[in-house]
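First, the structure itself, so that you have it in front of you.
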Amino acid sequence: MANHHEHANDSMTELLDLDAEVLRSHLSDVTGWVGELTAGRPPRRILDLGSGTGTGSFALLERFPGAEAVALDVSEQMLHRVRDEARERGLADQISTVQADLDTDPETAWPRIGAVDLVWASASLHHLADPHRVLTEVHAALRPGGLLVAVEMDGFPRFLPGEHSALEERCHALLDRRRAAALPHFGDDWAPRLAKAGFTVEAERVFDIHLTSPLPAPAGRYAELSLGRMRHGLAEQLDAGDLAALDSLLEGVARRHDLTVRTTRTVWAARR
Ligand SMILES: C[S@@+](CC[C@H](N)C(=O)[O-])C[C@H]1O[C@@H](n2cnc3c(N)ncnc32)[C@H](O)[C@@H]1O
């Protein structure tokens, strides 16, 4: 069981890294926009809330080379990856990690990290049991004039070409249903929540991403891993025909030339 768990987490860290690599140009658009929103006053201290492997921290430090970042996550395994990558990139002095579970007792959940100029929360707000409480803490941690950038997604990307897209949609429909039960805040409209926590919502941007051939090199592996996790997770729910079709697709999916990457990301910029 422990092995199964470790394996699942390993594939999650790889999935987060692949997402950032394949969507590099989108991520760069978003950090470029953050650059515009902070023009004249670039952030010096950044908090990456629910950092995962730290892809947001690294992208932001590329954009703001003078800054330092604090990567916060509940998972020590994720933070281990952040530290390794920081060393590899020669950024060990600019990134620190904080292990904290934002869902535990309000008295102890918010760690002492000091004031920050920018909070980046990518695909993390929907994990929280009590987003309002955490957003209130984020507001308090920001310096006046500081910015919270929240990124959320419609789900994992779609990859398959036309003749297989109905199968992919059936899989996503099952996943969506399961996620709605496990993560009730997934797909929320964050603007009213941000306002309720004291923020001024400056902008909300929807990025409709549709990458076509030639895709970034790691896209094949991203599709393989993503569809493989889906197949594994839905083994009990898919009917035999769909399961067999997915298995045979998975065989050569990483080498296909007709994959695309389709996903929607929404970004909110909110000011203290
Ligand atoms: C989908 S990942 C996103 C990671 C990263 N921000 C990215 O965009 O690639 C969500 C992250 O939130 C973290 N997380 C979930 N619940 C948390 C909690 N209660 N406290 C702190 N971190 C949490 C998870 O460990 C995971 O690394």
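Since every read-out is calculated from the coordinates, none of them should be taken as a lab result. The shown structure was predicted, so the numbers you read here are calculated from the model rather than taken from an experiment. Cβ atoms come from the backbone with ideal geometry, glycine included; neighbour counts cover every protein chain shown.
On a full-extension model of 0.36 nm per residue, what is the gain between GLN77 and ARG262, subtracting their alpha-carbon distance, rounded to one decimal in nm?
The span from GLN77 to ARG262 would gain 63.7 nm if fully extended.
Given R₀ = 51 Å, what would the calculated FRET efficiency be for LEU37 paired with ALA244, taking r from the Cβ atoms and rounding to 0.05?
0.55
Could I ask something else about it? Could you pull out every residue, at least 5 positions away or on a different chain, whose amide H is within less than 5 Å of the one on SER51? Hs are placed 1.01 Å off N in the peptide plane, and Pro or chain starts have none.
Hits under the 5 Å cutoff: LEU72, ASP73.
On a 0 to 90 degree scale, rounded to 10, what angle separates helix 240-252 from the longest Cα axis of the chain?
Helix 240-252 sits at roughly 70 degrees to that axis.
Can I ask one more? Using only DSSP helix segments of four residues or longer, with each worth -39500 (n - 2.57), what per-residue ellipticity at 222 nm results for the chain after dividing by its residue count and rounding to 500?
Per the formula, -15000 deg cm²/dmol.
The range 44-65 to the range 154-202: how many Å between their Cα centroids?
Between the Cα centres of the range 44-65 and the range 154-202 lies a distance of 23 Å.
Once both axes come from the Cα atoms, what is the angle between helix 162-182 and the longest principal axis of the chain, in degrees from 0 to 90, rounded to 10?
Between helix and principal axis, roughly 50 degrees.
Between ARG112 and HIS210, what is the label-point separation in nm under the 7 Å Cα-to-beta-carbon projection?
If labels sit at HIS210 and ARG112, their model points lie 5.2 nm apart.
Suppose the chain between GLN99 and ARG133 were pulled fully straight at 0.36 nm per residue; how much longer would it get relative to their current alpha carbon spacing?
Between GLN99 and ARG133, full extension yields an extra 10.4 nm.
Now a separate question. How many percent of the alpha carbon pairs in the chain exceed a separation of 32 Å?
Here the long-distance tail beyond 32 Å is 25 percent of all Cα pairs in the chain.
I'd like the orientation of helix 24-37 relative to the chain: the angle between its Cα long axis and the longest Cα principal axis, in ° from 0 to 90, rounded to 10.
Its long axis makes an angle of about 20 degrees.
Between ASP29 and ASN9, with labels modelled 7 Å along Cα→Cβ, what's the label distance in nm to one decimal, could you check?
3.4
About its Cα centre, what dipole magnitude does the chain give when the only charges are +1 on Lys and Arg Cβ and -1 on Asp and Glu Cβ, stated in debye to the nearest 20?
Rounded to the nearest 20 debye, it is 780 debye.
Another question about this same structure. Report, for the chain, the % of DSSP beta bridges that are antiparallel, rounded to 5.
Roughly 50 percent of the beta bridges in the chain run antiparallel, per DSSP.
Filter the trypsin sites (Lys or Arg not before Pro) in the range 49-108 down to the DSSP loop ones having no more than 15 other Cβ atoms within 10 Å, then list what survives.
ARG89
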